[in-house]
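Report on the following structure.
FYI, it's all coordinate maths here, none of it is from the lab. It should be emphasised that the depicted structure is a prediction, and the values quoted were computed from it without experimental measurement. Note that we place each Cβ from the backbone using ideal geometry, even for glycine, and neighbour counts take in every protein chain shown.
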Amino acid sequence: MTADPVLRDRFFKKYHGAEIQNCIQCGTCSGSCPLAEHMDFGPRQLFAMVREGDMSAALHANTMWLCVSCYHCMVKCPRGISITDHMYSLKKMAVEEGVKAPKMLHLYLSFNAPVEKHGRLTDVAAMAGFGLRHPLAALGNMGLGMKLAAKNRLEFKPRTVSNIAGFKKVMEKAKELERLS
Amino acid sequence: MITFTLNGKEVQGKKGQYILQVAQEHGVEIPTLCYHKALEPAGMCRLCMVEMHYGGRVRYVTSCNYVIRDGMEIKTDTEEVHHIRKVIVEMMLARCPEVPVVKKLAQQYGIKEPRFKTEDDDCLLCGLCTRICEKMGRGAISLTGRGLEFKVDTPFHAQTDVCMACGACESICPTGHIDIRNITKYEPRPLLSEWDVGLATRSAVYLPFPQAVPLAAVIDPEACVHLRTGNCGVCKEFCEAGAIDFNQKDEIVEINAGSIIVATGFEPFDPTPLTQYGFGRYPEVYTSIQFERINNATGPTAGEIVTKDGRKPEAVAIIHCVGSRDQNHMKYCSRICCMYSMKFAHLVREKTGAEVYEFYIDIRSPGKGYEEFYNRLQEEGTHFIRGKVSQVTDIVDSPEDEGKLVVVAEDTLARTVRRIPVDMVILSVGLKPAAGIEEIARMVGISLDSDGWINELHPKLGPLATPSDGIFIAGCCQGPKDIPDSVAQGQGAAGEALSLISRGKLEIEAAVSVIDPERCMGCRQCEMVCVYGAISYNASLSVCEVNTAICKGCGNCAATCPNKAIELRHFNNDELLAEVEGLMFAPVGIEEHLGGTAM
Amino acid sequence: MKYGFFPGCSYKGAAGYKESTEAVCRSLGIALMEIEGWNCCGATSYWSTQDLKAYVLPARIMALAEKQGFTEIVNVCNACYSTLRKAHEKLAGDNDLRQKVNLALAEEGLAYSGNLKIRHLMEVIVNDLNADDVKKNIKKDLSGLVVAPYYGCQLNRPWADMDDAYYPVLMDRLIEIVGAKPLKNYSAKTECCGAAQMVAHKDFCIPLTNRIVKDAVSKGAQTICTLCPLCQLNVDSSQQGLGLPKIPVIFFTQLMGLALGLAEKDLMLNKLLTPFKIAV
Ligand code: SF4
Ligand code: SF4
Ligand code: SF4
Ligand code: SF4
Ligand code: FES
């Protein structure tokens, strides 16, 4: 293990991650996590690595990308650690550090793109974006897509926020403010 | 007095007594079924049949409701009597072939199969239920109908609000026919035994627990039908010692004491809010205290470790730190749970041979012989899994989970999530300060820490004492502790109290506060600031007074009094001001005089 | 009763959720007034990729609601509810963040004060309506219908203030109010359905929906009742390969509609993937 105190401090300060130092390694989080068995490390172990500065291994882990945001761990952590929020932070840090993007990131980005453009999302728009990157995973959902289409449940036309110009200005400003900080 | 012959012997009875009563007084056994000494006999079952010779005639009568007469001759044990009873039992067996009391009687009378056509009923029509309900002042149920339709029922065959759900009928019924949920409109509320932590029921008059001091029964006024409605009162008729007194009330007893030892103990954490452990939802999830009862020879299972449906468990999970070390509940370590959990593991293994899984965060065994006990448990093959359990569920993932409770936890040392099917789950619940501790603390003038335990005078040097002289603490009221520590502290506190008493005198502070009654206007602010509780208000004089045996001379009150009515002996305001003045206007060179290091 | 209504992106495409919600609210006198100009809340996707925008999206919705004079926002999706709730809590506790968010919102002449309450329609119906009033409108006897209340994971987390986070009972109560039988010991009521992971990692998520379906079917439920479009879609659509008896997965508003005797065009049960074939 090579310790990377700089990256760790960024996690501690910018991302309010210092509270993971309070973790007593009880394992409640990993035990509650629906997808723990597919994770490289459960949340507990990930935190043990992060607080000792093993950032490279932590940021390359699939753990946070498999987090489903169920908040199960967070409501039960005996030390009151905002585990799910730290999963979000570690995803953002992995992207910042240029870790090879996993499938879930592509899904998120295909979700965000139509939102940025129209302010609202349709399943079709998100899936189309994702399908370009991951045809296999998308194919697995093709059957479902057909069924939904047959039931007239898919919307092919993008949905746009009524005051889209204002929406875009707000998002633009947010981007700018974020760059500043 | 009435004199008659009973099985050839001359006996006497009071006027109006029934044959059965006199026979019982003389130790003559007559079988009965519908007789109950709290109730008027009804002669329904006819099992108590005896042979009577009177006035030159022989008759067979039901002894439970036949009044004795001078000169009668009663035989309880003749061939003919036996024959009649046997036929009666045979008829009962035909009516209720599955009812245990009847089956037992049939066995006694050597009946295998009744000669009559069998029915499938479980009501003997003994009328005990209807008579006891009458006694409860209700009459919610009665024997109604004719012939074959004769049965126990409520008016209009519907649930009724006449029934108060007292449960007397259900408990008196010899066959188990009565289920008051079919009778009452109210929610039946079984009386759960506090001592057996809800695992068994108790009656409205009961012994709190076998070692109770004083060893006397108490009446639960919320449940007692007599105290609620004025009816029933059967316990009073029964109690031969005449000890039942319905007029008794709680009493407040005032005792003058020179010293007080506070030993209010703890109460177990209630795990209901930890819904992920399913306590109260899954019958086989127990608290540690409940398990103590199950394991106890006088407990609801007579010490046999079995599930509620009577199975011997094959696997048992023990979950540590339930409520403890958890900032959502109690942030401290309860200190005793690791060790008692291991005791449980040992007992379960010894008594049932089951696999035992201990789920722990850290094993804390800091005591003489404790680590060795842990090692012994390891040698016994207990599974120690380091991980706090995340949930107990009956969700079936694999066939082995069927009919089991699945305990889910990360095995943090093997770094894998495990789902272990077990038959029984024991929650090692933590310790909380006993309810009411705030009130006691206020009463004796001592303080509590942020978790609600009593603050000792000093954690190392004054563990038994409190800031108030003569008030000592012992046991868990100060914080979680095990039995040896509690005993040690108890003995220590007793010793401290005794040493005060044996001295016979009290050394008090010289510098105590005095209140000038002329200046005191009775605002009582001093009373509130005194941490030792040394000040009390004298209502007749409308002034506050200092108890010099308690006062420590801290001066809080003197500083608080708006009227400057309080002075601290030897440190009164004039004296203090003079000293300050002396320092401020001291002549040059005074530093040397005061031993200071002049430049 | 009037509420600001935030439908969220997946409401319209969800099997009959929109139709049944509108019909039920109409017959119970609940006025859901759509927040004009609402945008996507961002949900997990934005929490995972953006710092400030993740707050700006929900804050814009809330600011719009404030501007349009609403004091309560009603959600019909667990993810929306949880996202708005989370932004609301965090913004209340972080002045710096609130300032930045307001700077961005000012571009459109909006301002966020936080003076409103975030709610979920199911909880609104149970808590704000008088149960007896609802019961008076019941037209169909559902007493034979055993319903598994599936809450999903995000409804009550991480702020377990509406109900218990692990074993909630609010929807159980709702099911009782409309005269059906809630499955009493439904242990999977807050197990996770896999959410968006179902798209990328279907093989990991199928065992999760398997638990939800199996626990309901094996304990005797005839239908699963949900209150989130994504939960409904995942549990309904993944039943194909489970090898378990099929069980329809309906929205709580559809269940209510059945009890209120609403017409099929108001319930749109035909849009479900697993058909609802129970005669009620
Ligand atoms: S539940 Fe909390 S204390 Fe326990 S291992 Fe996870 S983060 Fe650490
Ligand atoms: S919130 Fe994420 S890390 Fe926590 S239990 Fe759920 S999936 Fe696992
Ligand atoms: S439970 Fe009801 S029916 Fe039975 S004795 Fe009491 S009042 Fe009478
Ligand atoms: S129900 Fe029980 S107590 Fe009542 S008549 Fe029948 S057997 Fe006797
Ligand atoms: S006991 Fe006398 S008739 Fe039943």
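Residues whose amide H comes within less than 5 Å of that of B:Ile261, counting only those at least five positions distant or on another chain, are B:Phe472 (H built at 1.01 Å from N in the peptide plane). If you take all other residues with their beta carbon under 14 Å from the beta carbon of B:Leu191, and give Lys and Arg +1 and Asp and Glu -1, the sum is -3. Derived scalar couplings between HN and Hα for segment B:255-260 equal 10, 8, 9, x, 8, 10 Hz in order, rounded to whole Hz, by the Karplus curve 6.51 cos²θ - 1.76 cosθ + 1.60 (θ = phi - 60°), x for Gly and Pro. Using the Stokes-Einstein relation with a Kirkwood hydrodynamic radius computed over Cα pairs, the translational diffusion coefficient of segment C:2-121 at 20 °C and a viscosity of 1.002 mPa s comes to 148 µm²/s.
Size descriptors for segment B:128-182, from the alpha-carbon set: Rg then Dmax equal 10.5, 30 Å.
Inter-chain neighbour count for B:385-397: the average number of beta-carbon atoms from partner chains within 10 Å of each residue's beta-carbon is 6. Protection proxy ranking, highest mean first, for peptides B:94-103, C:225-234, A:58-67, A:34-43: C:225-234, A:58-67, A:34-43, B:94-103, where packing is the per-residue count of other beta-carbon atoms within 10 Å, averaged. Across every pair of non-identical alpha carbons in segment B:6-61, the mean reciprocal distance, once inverted, gives a Kirkwood radius of 12.4 Å. All other residues with a Cβ under 12 Å from the Cβ of A:Ala137 taken together, and with Lys, Arg as +1 and Asp, Glu as -1, what is their net charge? Spelling it out: positives minus negatives among the neighbours equals +2. Within 10 Å of the Cβ of each residue in C:49-60, the mean number of Cβ atoms contributed by other protein chains is 6. Taking every alpha-carbon pair under 8 Å whose residues sit at least 6 apart, chain B reaches a relative contact order of 8 percent. A cut-off of 5 Å between modelled amide H atoms, ignoring neighbours fewer than 5 places along the same chain, links A:Gly80 with B:Gln327. For B:Gly430, the amide hydrogen comes within under 5 Å of the amide hydrogens of B:Phe269, B:Val322, B:Ser324, counting only partners 5 or more places away or on other chains and with H modelled in the peptide plane. Potential lengthening of the chain between A:Glu172 and A:Lys151 amounts to 3.8 nm, from the contour at 0.36 nm per residue minus the alpha-carbon distance. For each pair in B:Lys331/B:Lys460; A:Lys168/C:Lys12; A:Lys91/C:Lys100; A:Lys91/A:Lys157; B:Lys308/B:Lys351; A:Lys157/C:Lys214, compute the distance between the two Cα atoms and list the pairs where it is over 25 Å. Listed pairs above 25 Å: A:Lys91/A:Lys157; A:Lys157/C:Lys214. Using a 4.7 Å cut-off between beta carbons, which cysteines in chain A end up with no partner cysteine at all? Among the cysteines of chain A, those whose Cβ sits 4.7 Å or more from every other are A:Cys23, A:Cys26, A:Cys33, A:Cys67, A:Cys77.
Our coupling estimate for segment C:164-169, obtained by passing each phi through the Karplus curve with A = 6.51, B = -1.76, C = 1.60 and θ = phi - 60°, is 5, 6, 10, 10, x, 9 Hz, Gly and Pro reported as x.
Each peptide in B:221-234, B:266-279 was scored by the mean count of other Cβ atoms within 10 Å over its residues; highest first, the order is B:266-279, B:221-234. Using all pairs of distinct alpha-carbon atoms, the Kirkwood hydrodynamic radius of segment B:434-503 works out to 12.4 angstrom. Inside 10 Å of the C-beta atoms of C:29-37, what's the mean count of C-beta atoms belonging to other chains? For peptide C:29-37, the averaged partner shielding equals 1. Note on B:Lys75 and B:Phe571: the model spin-label points, each 7 Å out from Cα along the C-beta direction, lie 10.0 nm apart.
Please turn the phi angles of segment B:451-466 into ³J(HN,Hα) values with the Karplus equation 6.51 cos²θ - 1.76 cosθ + 1.60 (θ = phi - 60°), one per residue in order, whole Hz, x for glycine and proline. Coupling constants for segment B:451-466: 8, x, 7, 6, 6, 7, 5, 8, x, 9, 9, x, x, 9, 9, 10 Hz. Normalising the Debye intensity of segment A:103-180 to I(0), with uniform scatterers on Cα atoms only, and taking log10 at q = 0.15, 0.19, 0.20, 0.25 Å⁻¹ returns -0.61, -0.86, -0.91, -1.14. When only alpha carbons of the protein assembly as shown are considered, Rg and Dmax amount to 38.0, 133 Å.
Neighbours of B:Thr264 by Cβ distance under 15 Å: Lys/Arg scored +1, Asp/Glu scored -1, total -3.
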